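The values are calculated or read from the model by the stated rules, or taken from the named source; none is laboratory data. It should be emphasised that the depicted structure is a prediction, and the values quoted were computed from it without experimental measurement. For neighbour counting, all protein chains shown are included, and Cβ atoms are generated from backbone atoms with ideal geometry for every residue, glycine included.
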Amino acid sequence: MEGLGVILLTGQWVAVTWDGSSSTEALELLVSQMQEAVSPQGKVSVENIERLLLSAHARSSFDVVLLGLVPGSVCLHSTEVLTEVARILRPGGVLIIQEPVAAGADNGAQLRTPARLSSALTLSGLTEVTQLLKKPLSPQQVQGVGQRLGYNGNDLITLRVTGRKPNYEVGSSRQLSLPKRQAPVDPAAVKLWTLSANDINDEDVDLLDSDELLDQEDLKKPLPSSLRASGCGEGGEKKRKACKNCTCGLAEELVDEKANSAPPKATPSACGNCYLGDAFRCASCPYFGMPAFKPGEKVLLNPTQLQDI
C-alpha cells in the first residue's frame, strides 16, 4: 500500500487492530486493501486492540502487524500490547504503529512524546525503529484526544513509526565465529566503558570506603577449625587424615602431633659406652660416677656432681 511504510507480499500473514475511535467503514476498507495485497495465499486477521492480549495467537504467527493504522484512530498502545506484538511477529517481521503524540507531554501523561514512542518499541524487543510520518491531527481527532485522555495542548501530532523483529527467536542459540586474530579495539567502545575523572568528582556519584564495610567481628582472626571443610579430619583422634591439598591447617597439625608423640632419641655418646657404667666410660665422660642406664633413657645429672668452673 502506498504510504504504509512496508511492501506487502503475496502469502504474508497480516494482523490489523482497531478500536472504538475509528469507524467500521474505514476498518473494512483497510482490511480489503490488505487482503488484496496478500491474496491468495496470504491471510489478514482483525483484532480489537482491547482483546489482543486474550487472542492466544501462537508465537511467530504474523509477518506484519498494524497498530492504529485505521483512519481516524487515536488509540494509545500499552507496553503490554507492544510486547505481545513482538511475540507474535515472526523473526524479521515488521510492526507499523500510529498514535497521537505530544512534544510537551510529561512523564505522568498517558500521551507519549515522539522519542518515548520510539523507545517503547525498542524496549519491547524491536530493532531498526524508524519514524515514517508526522502530520497534524484533524479537528475531530483533537476533540477525541481531549475527551478520551483529557489533553488539551496545541502540540498534538500523529506519528507513524516502524520497527522490525530481529532475525532470531527468543531462546535461540548460535555458535559464535570468532576471528583468529583479535580485531583492534574501537576507541568509542573504550570511551564508553571508561570511568573518567569527571565521573569520580561528580557529586551524584557515591564512592564507598571498603574498610567501612567491615566491623570488629570481621577483623577477628578466624579459628583454624572453623575453616575446615565438612568431613575434614573425621574418623576419630587416631584416624584423622587431612584431605589432599589441605589448606585449613589440619595437615600441619597432624605433623606436629606425630613429632611430639615420637619416642625420644638416644643420648649421643662419643664412645657409645656411657650407659654401661664407669668400667666402660672414658675419663671425661659426663656420666662418670653415675649408675648404668638403659639406652635412650633420659638421664638427669645430680646437682652435687656439677662443679662450678
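Within segment 125-174, the set of residues being in a loop (DSSP other than H, G, I, E, B) and more than 25 Å from the chain's Cα centre (by Cα) comprises L137, S138, G150, Y151, N152, G153, N154, D155. You will find that of C271, C248, the residue that is more than 30 Å from Y287 (Cα to Cα) and either of a type in the set (D, E) or at pLDDT below 75 (or both) is C248 and no other.
The residue that is farthest from L82 (Cα to Cα), among those in segment 143-190 that are modelled with pLDDT under 85 and surrounded by 14 or more Cβ atoms within 10 Å (Cβ to Cβ), is G153. Of everything listed in (1) under 25 Å from Y168 (Cβ atoms); (2) outside any loop (DSSP other than H, G, I, E, B); (3) among the hydrophobic types (A, V, I, L, M, F, W, C), the single unmet condition for A56 is (2).
Under the condition of being free of Cβ contacts under 8 Å to residues at least 60 places away in the same chain and surrounded by 15 or more Cβ atoms within 10 Å (Cβ to Cβ), which residue from segment 14-25 is farthest from P71 (Cα to Cα)? The residue in question is V14. The residues on offer are T79, T83, T130, T113, and the sole one that is under 11 Å from V161 (Cα atoms) and surrounded by fewer than 19 Cβ atoms within 10 Å (Cβ to Cβ) is T130.
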